[in-house]
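To keep things clear, I will list the structure first and then write my remarks on it.
The values are calculated or read from the model by the stated rules, or taken from the named source; none is laboratory data. Here the structure is a predicted model, which means the values were calculated and not measured. Counting neighbours? That spans all protein chains shown, and the Cβs are built from the backbone with ideal geometry, glycine included. For accessibility, only protein heavy atoms count, side chains too; no ligands or nucleic acids. Shrake-Rupley method; radii C 1.70, N 1.55, O 1.52, S 1.80 Å.
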Amino acid sequence: AGERGLMQVTEIAAEDWVRLEKIEDFKPQDLYDPRVNVTVGTWYLARGLERWRGKSSAELFALAEYNAGRSRVNRWVDDTNLGHRATADDLRETIDFPGTREYVRTILDRYAYYKATGRM
């Protein structure tokens, strides 16, 4: 679907980074440079974590946004009919992309594993 590099960053996400960080010499092929790709990917994920920081499981919301995009997560939150009161469980129920549901579950399972084993 057009994702590039280590963190599978889309050109649209990179364009947000370029605009908001005032990057002047970016070219889409720069996403194949690991340093640029990780910079953009972590920036995008950090923005999602910041946007959802008031939630009890901001990680789930941010990961869904990272994988499927902000507009889709906003739609899924709207689909809960709870607005800002929507919880992680509510969001899980409305994610209608199987790939995103699996992505979020897998990452959160790995996170829990590393926390439980003292590796974090």
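Annotations
- Neighbour cut-off at most 15 other Cβ (10 Å), DSSP loop, trypsin sites (Lys or Arg not before Pro), region 36-120: R53, R119
- Taking a Cβ cut-off of under 11 Å around L49, the surrounding Lys, Arg, Asp and Glu residues balance to a net charge of +1, with basic ones at +1 and acidic ones at -1.
- For region 52-120: accessible area per residue (Å², 1.4 Å): 63
- With all protein chains in place and a 1.4 Å probe, the accessible surface of region 12-120 carries 51 percent carbon and sulfur.
- Dimensions of region 79-120 from C-alpha coordinates, computed as largest minus smallest value along each principal axis and given longest first, are 38, 23, 10 Å.
- At 1.306 mPa s and 10 °C, Stokes diffusion of the chain via Kirkwood alpha-carbon radius, µm² per second: 104
- Only Lys, Arg, Asp and Glu carry charge here, each on its Cβ (+1 for the first two, -1 for the last two); on that basis the chain has a dipole of about 400 debye about its Cα centre.
- Based on Cα contacts under 8 Å between residues 6+ apart, the chain shows a relative contact order of 17 percent.
- Other residues whose C-beta falls under 13 angstrom from the C-beta of G5 contribute a net charge of -2, scoring Lys and Arg +1 and Asp and Glu -1.
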